[in-house]
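The values are calculated or read from the model by the stated rules, or taken from the named source; none is laboratory data. Remember, it's a predicted structure, so these values are computed and weren't measured experimentally. Glycine also receives a Cβ, built like all others from the backbone with ideal geometry; neighbour counts cover every protein chain displayed.
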Amino acid sequence: MEERRCPADPICYLLVGAKLNDGGSYAEAEKMYLAALQLVEGTLGKEHLTAASLTQLGNVRIALGKHEEAKAVLLKAFEIWAGTRGDPFLAPRALNGLALIYLAQGSAEHAETFAQQALEIAEKHPRYATNIADSLTTLARIYQYQGKLVDAETSYNRSLAKLEESVGPKHADTGLTLTGLALLYSGHRRYSEAEPLFQRALPILESAFGPKHQNLVSTLDGYAALLRKTRREAEAAVLEARGNEIRAMRGEKVR
């Protein structure tokens, strides 16, 4: 149905794909990005749309767990950007995607290199403030994996400040970054600092995505774990049930 709305219009496919991606329909979003790519790849003067299609396709494939396929298209997207020096919005998105792939594969050193490169490019183009924030959040996750807790905390806080300044304190990206920082604190028994962040993040994400979106799961799980560690089992059980309901809706294994 969506394809019939976008006859030979790559921008339409990209927009529909972004909407599906935001709603958690990653497999359908992948189809839209592939359709956009087929219309523009190899066409003279369409390099920017090709890079955009590849970048979106790569990032949705990360969400689908297709890391090697994602890596190939993100590298190609960055090569196009490097060759044309087109819209600088795209390059950090491709590099951050590559960083997350390498991190998932346990190669933190490679991940950090890509994320640092993404941040360097993003900071040269401050009008794209969310790229700066995304790069800082990616670095925070890498530092956390490496056990560099001070660096991770600093990067999360820098990202959070940039997001609150640019997109506002109630934006979805702000909520996701709050969750990341809360998980960092909770993982190191800094419960009194973590809990207010979970409490801020959850209503932001519920408002942005709805009460049963998979982007709420890590917040629900993290807050529930904190509640159990602080001996509030009844409250924890409520959040755990919500997380399991979302998993069941997506056909995933419940805990």
Considering the range 25-49, residues that are of a type in the set (Ser, Thr, Tyr) and either touching a helix residue (DSSP H, G or I) at 6+ places or on another chain (Cβ under 7 Å) or in a helix (DSSP H, G or I) (or both), and then whichever is modelled with the highest pLDDT, we arrive at TYR33
Could you look through the range 17-41, keep only residues that are under 14 Å from VAL73 (Cα atoms) and not polar (S, T, N, Q), and pick out the one that is farthest from the chain's Cα centre (by Cα)? GLU41
Given (1) in contact (Cβ under 8 Å) with a residue 12 or more places away in the chain; (2) in contact with a helix residue (DSSP H, G or I) (Cβ under 7 Å, 6 or more places away or on another chain), index of the condition LYS124 fails: (2)
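Residue-by-condition table, conditions (1) in contact with a Phe, Trp or Tyr (Cβ under 7 Å, 6 or more places away or on another chain); (2) acidic (Asp, Glu); (3) within 24 Å of GLY23 (Cα to Cα):
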site	(1), (2), (3)
TYR185	no, no, no
ARG189	no, no, no
PHE198	yes, no, yes
ALA208	no, no, yes
PRO211	no, no, yes
VAL217	no, no, yes
TYR223	yes, no, yes
THR230	yes, no, no
GLU235	no, yes, no
Would you be able to say whether some residue in the range 11-24 is within 26 Å of PRO126 (Cα to Cα) and not in a helix (DSSP H, G or I)? no
The listed residue being under 20 Å from ILE132 (Cβ atoms), small (Gly, Ala, Ser) and at pLDDT below 95, out of ALA63, ALA52: ALA52
Within the range 218-254, how many residues turn out to be closer than 23 Å to ALA27 by Cβ, aliphatic (A, V, I, L, M) and surrounded by 17 or more Cβ atoms within 10 Å (Cβ to Cβ)? 1
Hey, SER135 hits all of (1) touching a residue at least 12 places away in the same chain (Cβ under 8 Å); (2) surrounded by fewer than 24 Cβ atoms within 10 Å (Cβ to Cβ); (3) among the hydroxyl-bearing types (Ser, Thr, Tyr) but one; which does it fall short on? (2)
Being surrounded by fewer than 16 Cβ atoms within 10 Å (Cβ to Cβ), in contact (Cβ under 8 Å) with a residue 12 or more places away in the chain and charged (D, E, K, R), is that true of even one residue in the range 167-184? yes
Can you tell me how many residues in the range 1-33 are buried (at least 18 other Cβ atoms within 10 Å of the Cβ), of a type in the set (A, V, I, L, M) and out of contact with any Gly (no Cβ under 9 Å at 6 or more places or on another chain)? 3
For residues that are surrounded by fewer than 21 Cβ atoms within 10 Å (Cβ to Cβ), under 27 Å from GLN144 (Cα atoms) and of a type in the set (A, V, I, L, M), tally how many sit in the range 67-99. 2
